[in-house]
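Heads up, the thing below is written out as structure tokens.
The values are calculated or read from the model by the stated rules, or taken from the named source; none is laboratory data. Source: prediction; values computed, not measured. Cβ coordinates were reconstructed from backbone atoms using ideal geometry, including for glycine residues, and neighbour counts include every protein chain displayed. Ligands, DNA and RNA are excluded from the accessible area calculation, which covers all protein heavy atoms including side chains. Shrake-Rupley method; radii C 1.70, N 1.55, O 1.52, S 1.80 Å.
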Amino acid sequence: MILEKVERNTIEPKITLVGAGPGDPDLLTLKGVKALATADVVLYDALVNEALLNHAPEKAIKVYVGKQSDDESFSQKLVNKLMIDYALNYGHVVRLKSGDPFVFARGYEEIHVAESYSIPTEIVPGVSSALGVPGLQKIPMVYGNMSESFWVVTGTNSQGLISPDLYVAAKSNATIVVLMGIEKIKEIAEIFKAEGKANLPVAVIENGSSKEENVVVGIVDTIEELIEEKKLSSPALLVFGNVVSLHPQFNSIHQFYAIMAQEEY
């Protein structure tokens, strides 16, 4: 539905970046709910649960600007233009982004563009999938002597290559969360094997926090096979580290392999 533009002298442009969380609509913050309640326009991403749009006024314009490979593609340049145009012509634009706006989400770029037009901006942090999704599986980022720190890296950089940071992270004893990396699991596993970590525990979480969530737990040496067996695909994140051994499925897998080894013997 196309709404008539409000008279320009009554418009107060504003852009609010709201983190929608990893998928479960109940993980939206209260401040995010309040921001949506005052929206004139909502621009939302592909991984945003559309149930969150119910928090916006019925008359608010809702515009999908997803960027998944199997959907209509919206370049960042076009998203920026839409965001500015809607703010100047309609008022308060809520830019609803999956996860947290500043974790691999180009939030700063969008804020910078808005402020170049002297449009007031606000940030509402969200639950990042990098932390929230493993947490929902009771996988801690740090725990005792298992891990004293954690890395969050992208599996594929803007050139479509493995991030150089991953090679450095694999040398550490930290918990390593890899976003957007499932399509390159073979290459990523080889990086850890090269560091002598073929037996390092790994969790793969597809559609984390949603009703379609799937979880596979294994070790570096066999994780590619498990992903193929379970037919997991993007969106999914990978968690490498000894803390993954705390997941109940990991113990079950090791018991299975122990039984198989005894039978073969």
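Structure values in brief
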| item | result |
| --- | --- |
| Out-of-range pairs (alpha-carbon distance over 28 Å; input K138/K184; K59/K97; K31/K81; K62/K231; K62/K138; K138/K211) | K62/K231; K62/K138 |
| Modelled FRET efficiency - R0 25 Å, T222 with L161, Cβ distances, 0.05 increments | 0.50 |
| With Cα atoms, 0 to 90° folded angle of helix 185-194 axis to the chain main axis | 50 degrees |
| Surface per residue (accessible, 1.4 Å probe) for the chain, Å² | 54 Å² |
| Surface accessible to a 1.4 Å probe, F104 within the full protein complex, Å² | 110 Å² |
| Cβ-placed point charges (K, R +1; D, E -1), dipole of the chain about Cα centre in debye, nearest 20 | 660 debye |
| Three semi-axes of the equivalent ellipsoid, the stretch 118-265, Cα gyration tensor, whole Å, largest first | 27, 17, 16 |
| Euclidean distance of C-alpha centroids, the stretch 115-140 and the stretch 141-177, integer Å | 19 Å |
| Separation of the K138 and K186 label points, Cα + 7 Å toward Cβ, nm | 3.6 nm |
| Nearest-ten-degree value, helix 76-90 long axis tilted from longest Cα axis of the chain | 30 degrees |
| Rg(Cα) / (2.2 N^0.38 Å) computed for the chain, rounded to two decimals | 1.15 |
| Cα Rg, Dmax (largest Cα-Cα span) when computed across the stretch 14-124, Å | 12.5, 35 |
| Portion, in percent, of the accessible area of the chain that falls on carbon or sulfur, probe 1.4 Å | 52 percent |
| Helix 248-264 vs. the chain, principal-axis angle (Cα, 0 to 90°, nearest 10) | 30 degrees |
| Percent antiparallel among DSSP beta bridges (both partners in the stretch 129-260, rounded to 5) | 75 percent |
| Extension gain, T29 back to A198 (0.36 nm per residue minus Cα-Cα distance, nm) | 56.9 nm |
| Residue among S98, V65, M83 farthest towards the positive dipole end of the stretch 14-124, charges placed on Cβ | M83 |
| Structure-based [θ]222 nm, the chain - -39500 (n - 2.57) summed over DSSP H runs of at least 4, per residue, nearest 500 | -9000 deg cm²/dmol |
